[in-house]
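Trainee: For reference, the structure I am asking about is given below.
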Amino acid sequence: MHTAIIKCVGASFAIVSLLALSACATVGPDFVEPDVAWLHEWQSDLYGQVGQPEQQAQADLRFWTQLFNDPVLNGLIETARRENPTLQVAGLRILESRALLGIAGSGRYPQLQRATGNVAYVDEQQEGGAAPTDQSFTSYSAGFELGWELDFWGRFRRSIESANAAYLASVTSQQDVQVLLSAQVADLYFAYRTTQLRIEMTRYNVGLQKRSLDITQQVFEAGEDSELDVQQAKTQYLSTLAVIPDLEASLIRLRNALAALLGRTPDKLPELESAPGPLPAIEPLGIQGIPSELLLRRPDVRSSAWRIAAQSAQIGVAKADYFPAISLLGTIGWSGSSLSGASDTTRLVAGPALTWNLFDYGRIRNNVRLQDARLQQAIVLFQDDVLQAAREIDDAAIGVVKTAEQNLILKDALQAAERSLDLANTLYLEGHADFQRVLDAQLALFVQAERELLSRGAHVSTVVALYKSIGGGWTDMSMEQMIPESMRDTMRDRTNWGDLLEEPVPVEDRP
């Protein structure tokens with residue numbers, strides 16, 4: 001057997017040298033989270049709600065809904081975390097970005113791997129001539145080609161850095177969906193309960209007005225008063241009664257909206273049947289932490305920062321095109337045949353290769369500009385996200401304070417309206433006032449009762465908005481919690497996911 005081996009001179013030395021150098025250079029800017037200059041001076045006490053923790057109730061931001069001491073609400077939020085389609089999509093996007101990170105990481109390994117081989121049967125016949133032949137033989141060959149572009153300028157490292165930042169952005173985006181979902185469930189739940197109470201209150205007022213109508217009817221039939229009082233009482237009674245169908249329709253719409261958040265069809269929610277009657281009485285709030293720090297920990301703000309990190313790395317990816325691509329190429333081949341006396345041949349070729357796009361007509365330069373412009377857009381959007389977050393916190397905080405003040409005033413106004421109706425009824429029955437005074441007092445009571453109830457509902461809504469604005473209402477979730485088991489089983493049957501469907505979700509850290 002004859003063996004011929006061809007080697008490139010100095011290939012081993014070149015390989016070692018290039019591998020060492022490839023770990024040194026990385027082009028493009030290193031990420032630095034943008035500074036928000038005004039945030040250092042924004043030390044708001046949120047209108048008295050920061051500080052004095054010994055005098056105020058404190059709530060864990062992750063489980064702030066427990067502040068309401070309502071097991072029905074807590075159960076609905078847990079159900080929403082398991083069943084809400086939008087939250088499931090957010091979990092699937094984490095899987096998507098994890099797969100993209102795996103694709104980016106593959107650049108660290110040989111990019112060209114190709115195996116070739118062939119077998120040929122030859123039947124050769126030659127007639128006539130000095131040496132006629134009749135022979136047959138088999139020839140065969142196999143080879144393996146490998147190409148590895150070294151990460152000499154950090155192109156692949158920057159790609160991995162960008163993909164990893166995008167992966168972490170998907171994690172914080174899922175947390176942000178949790179924040180929004182918790183607030184939406186709480187808002188709809190308390191809106192549902194407020195509407196229930198409005199229906200009850202309206203029916204109570206309908207009862208009062210029906211009794212007044214009956215009294216005026218009896219007085220009219222006894223010939224002691226005119227029909228005008230009867231018709232006025234009837235008008236007010238029917239007008240109030242007509243409010244109930246619209247409230248009942250609103251109640252169904254709120255129930256359906258809540259059912260959709262739970263991933264259910266429009267139907268009865270048995271959980272709501274055990275909901276407590278009155279709206280919760282909320283103690284004065286005490287926000288833990290400095291507002292500016294809470295703001296920067298909001299999941300949506302963290303996602304915005306990670307998107308900057310991902311885009312910053314893309315500049316390095318683009319700049320790497322300015323420089324030559326240095327690769328290691330290698331081929332191993334073997335060939336032979338069944339002919340008598342034929343020798344097998346083994347072939348080894350290895351060495352570095354360089355490619356350099358010298359004439360790109362501005363493509364690389366403009367691609368770098370493109371990535372830089374996108375980076376600056378992400379920075380501006382981050383600054384705006386922080387600004388809008390501060391506005392949301394401040395708006396919600398003043399809303400909590402002022403709705404609490406309004407509640408106290410309207411509570412006194414409701415008590416005065418109730419007393420006015422009692423006096424008007426007494427004076428009318430004693431003949432010291434006409435029936436119009438009773439009608440006016442009934443209308444005033446209905447208006448004040450509704451305003452007071454709506455104000456209590458608005459106060460609960462502003463508390464929900466405050467905890468939403470400071471990024472409360474999310475918790476770390478495993479992939480098993482994000483994606484239902486039936487969905488994971490379907491995905492496994494369709495695709496080889498390896499361990500990704502059970503892989504721990506990273507705990508987000510500041511980039």
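Trainee: What are the residues in the range 31-59 that are at pLDDT 80 or above, charged (D, E, K, R) and more than 20 Å from ASP395 (Cβ to Cβ), if any?
Mentor: Passing the criteria: GLU33, ASP35.
Trainee: Still on this model: Tell me which residues, restricted to the range 459-482, are outside any helix (DSSP H, G or I) and buried (at least 20 other Cβ atoms within 10 Å of the Cβ).
Mentor: ILE470, GLY471, GLY472, GLY473, TRP474, MET477
Trainee: Restricting attention to the range 346-374, which residues are without any contact (Cβ under 8 Å) to a residue 12 or more places away in the chain and either on the phi > 0 side of the Ramachandran plot or in contact with a Ser or Thr (Cβ under 8 Å, 6 or more places away or on another chain) (or both)?
Mentor: Once the filter is applied, which keeps residues that are without any contact (Cβ under 8 Å) to a residue 12 or more places away in the chain and either on the phi > 0 side of the Ramachandran plot or in contact with a Ser or Thr (Cβ under 8 Å, 6 or more places away or on another chain) (or both), the range 346-374 yields TYR361, GLY362.
Trainee: Scan the range 443-461 and tell me whether some residue there is under 24 Å from ASN84 (Cα atoms) and among the hydrophobic types (A, V, I, L, M, F, W, C).
Mentor: Yes.
Trainee: Mind checking which pairs have a first residue in the range 320-337 that is under 17 Å from LEU348 (Cα atoms) and among the aliphatic types (A, V, I, L, M) and a second that is in a loop (DSSP other than H, G, I, E, B) and at pLDDT 85 or above, Cβ under 9 Å, 6 or more apart or different chains?
Mentor: LEU328/LEU150
Trainee: Counting just the residues of the range 462-500 that are within 21 Å of the chain's Cα centre (by Cα) and among the polar types (S, T, N, Q), which one comes out farthest from GLY263 (Cα to Cα)?
Mentor: It comes out as SER469.
Trainee: May I pose another question? From (1) buried (at least 17 other Cβ atoms within 10 Å of the Cβ); (2) over 30 Å from GLY399 (Cβ atoms); (3) small (Gly, Ala, Ser), pick out the condition that doesn't hold for ALA275.
Mentor: It fails just one condition, (2).
Trainee: How many residues, within the range 310-349, are outside any helix (DSSP H, G or I), closer than 30 Å to GLY362 by Cβ and out of contact with any Gly (no Cβ under 9 Å at 6 or more places or on another chain)?
Mentor: So the answer is 4.
A quick yes/no check of all residues on (1) among the aromatic types (Phe, Trp, Tyr); (2) under 30 Å from ALA404 (Cβ atoms); (3) surrounded by fewer than 20 Cβ atoms within 10 Å (Cβ to Cβ):
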{"residue": "ILE282", "(1), (2), (3)": "no, yes, yes"}
{"residue": "ALA305", "(1), (2), (3)": "no, no, no"}
{"residue": "SER338", "(1), (2), (3)": "no, no, yes"}
{"residue": "ASP344", "(1), (2), (3)": "no, no, yes"}
{"residue": "ASP360", "(1), (2), (3)": "no, no, yes"}
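Trainee: Need pairs with beta-carbon distance below 9 Å; first residue on the phi > 0 side of the Ramachandran plot and in contact (Cβ under 8 Å) with a residue 60 or more places away in the chain and within the range 484-496, second among the small types (Gly, Ala, Ser) and not in a helix (DSSP H, G or I); sequence gap 6+ or separate chains.
Mentor: From the range 484-496, no pairs qualify.
Trainee: Of the residues LEU429, LEU443, which is modelled with pLDDT under 95, of a type in the set (A, V, I, L, M), surrounded by fewer than 13 Cβ atoms within 10 Å (Cβ to Cβ) and more than 25 Å from ILE287 (Cβ to Cβ)?
Mentor: Of the residues listed, the single one that is modelled with pLDDT under 95, of a type in the set (A, V, I, L, M), surrounded by fewer than 13 Cβ atoms within 10 Å (Cβ to Cβ) and more than 25 Å from ILE287 (Cβ to Cβ) is LEU429.
The values are calculated or read from the model by the stated rules, or taken from the named source; none is laboratory data. As the structure is a computational prediction, the values presented were derived from the model and not from experiment. Methodologically, a virtual Cβ is constructed for each residue, glycine included, from the backbone with ideal geometry; neighbour enumeration extends over all protein chains shown.
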